[in-house]
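Written below as structure tokens is the structure these notes are about.
The values are calculated or read from the model by the stated rules, or taken from the named source; none is laboratory data. The model shown is predicted, which means the values in this text are computed figures rather than measured ones. Positions of Cβ are backbone-derived with ideal geometry, glycine not excepted, and every protein chain shown enters the neighbour counts. Note: areas computed on protein heavy atoms with side chains; ligands, DNA, RNA excluded. Shrake-Rupley method; radii C 1.70, N 1.55, O 1.52, S 1.80 Å.
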Amino acid sequence: MSRNILALLPLVLTTEIYFCAIPKSDSYLLNIREDYCDIYCQGSIDKFCLKTNNTVVTNHFQMDLESGHLRIKWKERRGSIESNITSLTDKSGTELESLTVTGIPSSKDDRFRPGIDYIRDFGASKVLKYEIYSGDLIILEAEPDLKNGPSHLALIFPFSVENIINSHAANSYIRRTMDNLKSIQIRYEGRSQTPEFWMEDGTFKGKTQLNLLTFQGLKMENLTSYTFSDLKSLKILNFTNTLVRNQSFLSSENLQKTLELFVMSGKEIVIETRYFESYSKLKFIHGSIFDTHENITAFMCKENSFYCLFTRGVHGRRCPEVCECRYMRYEREFTIDCSERNLNEIPPLPRPIAGSPTLNFRGNNLRHLPSQSTPGYNHLMRLDVSDNKLHNLEISQLPVHLEHLNIGFNNISTLDKKLVDYMAKNISLNSFGNLFFPYCDEKPSSDYYNFILTFQERSHSQIHNFLIERGRNMHLTDDPWHCFWKMTTFLLILRGRVNHARKYAAALEFSHFDGECPDDCICLRNYYSMEFIVDCSGEDLSEIPPLPIPMYGPTTLLFQNNKLRVLPNDSRLGYANVGRLFLANNRLTEIDNLPRNLSYLDIRNNRIAVINRKTLDIFEKRSKSSDLKLFLSGNPWACTCEEKDFLGFVKGGGPRIGDVTNITCGDTGNLLIETDESSVCPSGFVHYVTLTVSFMLMILTINLMIYFKQPLLIWFYEHGVCLSLAARRELDERKKFDAFLSFTHKDEDLIEEFVERLENGPQKFQLCFYLRDWLLGVSIPECISQSVKDSRRIIILMTNHFLKSTWGRLEFRLALHATSQDRCKRLIVVLYPEVENFDDLDSELRTYMVLNTYLKRDDPNFWNKLIYSMPHIKVQHRVKWTDHEVIQFS
């Protein structure tokens, strides 16, 4: 449960209600019944009703329905529940995506009612989101339905000049709401004032399922232990920037039994921790100042701090006197630091109420690990006993929940095979600096490892004699690279230090291959990836030598930083078996004779100007049938009409070319992907046009300009030519942002390139995205709607994650609605290659994707098209949304 509480911390600290989305439904109401006015008027001459499509205007209200979104605006300054509302449909089980009620001057008005009342009057059964606005109180409900009511409730007081808010209206609304609420948020929107808020007796009566209660920007005057007597399931209690004059309410027995997270943030607010002594489930107390009290098990987390303070464990044990104990917030670890304390044994340890217990016992005099019965030891998940004096290790000495173990730089000479098998399956192990290698059952191997630690200081004769002596007695089981996974350094030292060192190091390089490893290379098999590697890099070689052939799998040839001028043909031993070829920083002028099963080629920083048609055909064929990866930059590529096929291959290569944005033309230095074929192969049509057909030439020119209008305008705008032609009139020049960047939290790594290209590029666009620009304390739907309104463009990053995200679909729908309202092409959809279909979208959004064009991310001209689609008239000022720093516990 502690991980769940940690996941909620960012939500709680930002005081934001995240409404959980229900699955999309095909039963959303799309049309108001045709006979609505007949039913509404019922023959009365005193009533007025006019229906136009999905808009209804009556004496009392105006109502609009669009794509499942229903908005009703009351006309009268005063009204009552007798104001007629007629069912919108005669079908049962009808659902609405949202219901918004406006036009009510005060929360005292009879029309200020919970969502289920309006849902019932309109003949619906459920709504995803209900909003009702009055002059002094705003209500947001999530997923209200006739049977259960809403699951989440937010009560928001707008800014009040008189610093007075209607506490009674909020209490009354909570009481009238059905008892299935999971969370309640009460907040004041003003910044400079802190109005008083009074909780009335019995407000939470029946709300036994409530697990999150949040107050923000208020001054609580009358909280007592009885206020929370009905809350049997409350886990999180949050007072953000809220003053509580008397904290004695924390003596509530209900809170002592259920509360897991308590937040009271704000400057100069002191949390009286003595009240938490009897809290059995409380894991975290978050605030600014804590009074001195050491008899609590919860972690005390200060704002803007990377760690939380600890006083005692769940069984009363405190941190050892010579050690330091902290809860690391971002790692979610409870660390006990006893490093370099000159200790001879591991003392009894506290058991934390949350977090992964970690013991750092590095740099002491420990000779034996303790038994599992040592208090707190058996619950450790990470253990660092490196740089001690351990001689042996047994399974019975390891904590049962251990995941990571560091025993480096001890005196352990052997490992029991059962222990090795156990650690291989269950534990991440660091054993560097001992006298053994895992998976070896022969003692002489430990001597090699111990010897190479000081190999640099030995003489040639010492190394020579050592290898001869040990080589005679060396018996390794199976693949010795199971043992010598650190021997690459050892072999590099051997090379060039000892005559005929290959003879004595042969056993170390044994990797199940036929033939001999070249003298200037190292041959090994990566145990983890099972990749056979021939490393000849940095040896000043002018040709690729004969290569050994592994028993199975292709060869990876590392041949960087040499003097290679030409590639060998397939007759060269072992060359045809190469699958990955690294040739960067050589002297190649051409790349004929590539291995037929090549899947990876790195030819950066050579002297290659052209690729012949045969090699290009191989690239195109391999890229279609396998995952071919190429790196081509750093060569003087010829950007001529004769090489237009290569130009087209690079521009259409997409992710197959890893450095496509760095490939330049040798003669001009221009980026190859930005070089148009028309600039290197000018059209010959003009040579056939004579002065006698000037009229036809004019007609032809006009047609060409119409046909190529958009590419020409894009080019003009990109190069700053004829901006009066390329510029467009923007209907919304005063908006805050040029574009709202819409994406899911799983695609956060995609936004960096958009910020770099659009905000830091020549045009300097202003972007809006939730990670940086959303105002803390505002609901997600409101943030989305406001971001759409404040932006001249909406850029949708359409990935598989986005298609499956409810919030993503909501942002898409709001953007589509804004575009249709403005009659302006504001929506820009960026489609990523991973998206194969739009089945996850509802019918409206799927229809839009089918009938409208969009930008493909793997389009070589993607950035030019995107930048041209952006606004051409810029807003020069930047709006700063918030100065608050959000501390996340994830």
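Descriptive notes on the structure:
- Projected label distance in nm at ARG175 and ASP201, using a 7 Å step from Cα toward the beta-carbon: 1.1 nm
- 3J(HN,Hα) along region 364-376, derived from phi through the Karplus expression 6.51 cos²θ - 1.76 cosθ + 1.60 where θ = phi - 60°, amounts to 10, 10, 5, 9, 9, 6, x, 6, 5, 7, 4, x, x Hz, with x in place of Gly and Pro.
- Annotated for region 547-675: lysine pairs at least 8 residues apart or interchain, Cα distance under 24 Å, count 12.
- PHE239 long-range amide H proximity, modeled H, under 5 Å: PHE215, VAL263, MET264, SER265
- In this calculation the C-beta distance from ILE45 to ASP110 is compared with R0 = 30 Å, giving a FRET efficiency of 0.75.
- Distance histogram for region 27-180 (every C-alpha pair counted, 10 angstrom bins, percent rounded to whole numbers): 11, 40, 35, 13, 2
- Site pair TYR832 and ASN84 shows an inter-label distance of 5.3 nm when each label is modelled 7 Å from Cα along Cα→Cβ.
- Peptide ranges 314-320, 175-181, 264-270 listed from the most packed, as the mean C-beta count within 10 angstrom indicates: 175-181, 264-270, 314-320
- Accessible carbon and sulfur surface of region 328-414 relative to its total accessible area, %, 1.4 Å: 44 percent
- For region 65-151, the fraction of C-alpha pairs farther apart than 17 angstrom is 44 percent.
- If you plug the beta carbon distance of THR194 and ARG613 into 1/(1 + (r/R0)^6) with R0 = 56 Å, you get a FRET efficiency near 0.15.
- Average accessible area per residue (Å²) across region 596-644 - probe 1.4 Å, nucleic acids and ligands excluded: 53 Å²
- Net charge contributed by nearby residues that have their C-beta within less than 12 Å of CYS308 (K/R +1, D/E -1): +2
- For region 403-411, 3J(HN,Hα) per residue [Karplus equation, 6.51 cos²θ - 1.76 cosθ + 1.60, θ = phi - 60°, Hz, x = Gly/Pro]: 10, 10, 9, 10, 10, x, 6, 10, 10
- Highest-first arrangement of 131-141, 28-38, where packing means the average Cβ count within 10 Å: 131-141, 28-38
- Between GLU620 and MET381, the contour length at 0.36 nm per residue exceeds the Cα-Cα span by 81.0 nm.
- Sequence-distant residues sharing a close amide H with VAL578 (under 5 Å, placed H): THR555
- Put simply, the amide H of PHE290, placed in the peptide plane, has neighbours under 5 Å in ILE271, leaving out anything fewer than 5 places away on its chain.
- In the structure shown, the pairs LYS205/LYS302; LYS389/LYS425; LYS746/LYS856; LYS267/LYS302 are assessed against 23 Å; a Cα-Cα span above that value is assigned to LYS205/LYS302; LYS389/LYS425.
- Karplus (6.51, -1.76, 1.60) ³J(HN,Hα), θ = phi - 60°, over region 593-606, in Hz, Gly and Pro reported as x: 6, 7, x, 6, 10, 5, 10, 8, 9, 10, 10, 5, 6, 10
- Protection proxy ranking of 378-388, 549-559 - average other beta-carbon atoms within 10 Å, highest first: 378-388, 549-559
- Element breakdown for region 135-252 at a 1.4 angstrom probe: carbon and sulfur atoms account for 49% of the accessible area.
- Under 16 Å from the Cα of LYS147 - lysines, other chains or at least 8 residues apart: LYS126, LYS129, LYS182, LYS207
- Taking max minus min of the alpha-carbon positions on each principal axis, region 205-350 gives extents of 58, 29, 25 Å, largest first.
- Whole-number accessible area per residue in Å² for region 223-318, which is evaluated in the context of all protein chains at 1.4 Å: 44 Å²
- Applying 1/(1 + (r/R0)^6) with r as the Cβ-Cβ distance of ASN365 and SER305 and R0 = 35 angstrom yields a FRET efficiency of 0.60.
- Spin-label zone in region 345-371 - amide nitrogen under 16 Å from a point set 7 Å from the Cα of VAL322 along the C-beta vector: 345-350, 360-370
- The mean accessible area for residues of region 358-414, using a 1.4 Å probe and ignoring ligands and nucleic acids, is 42 Å² per residue.
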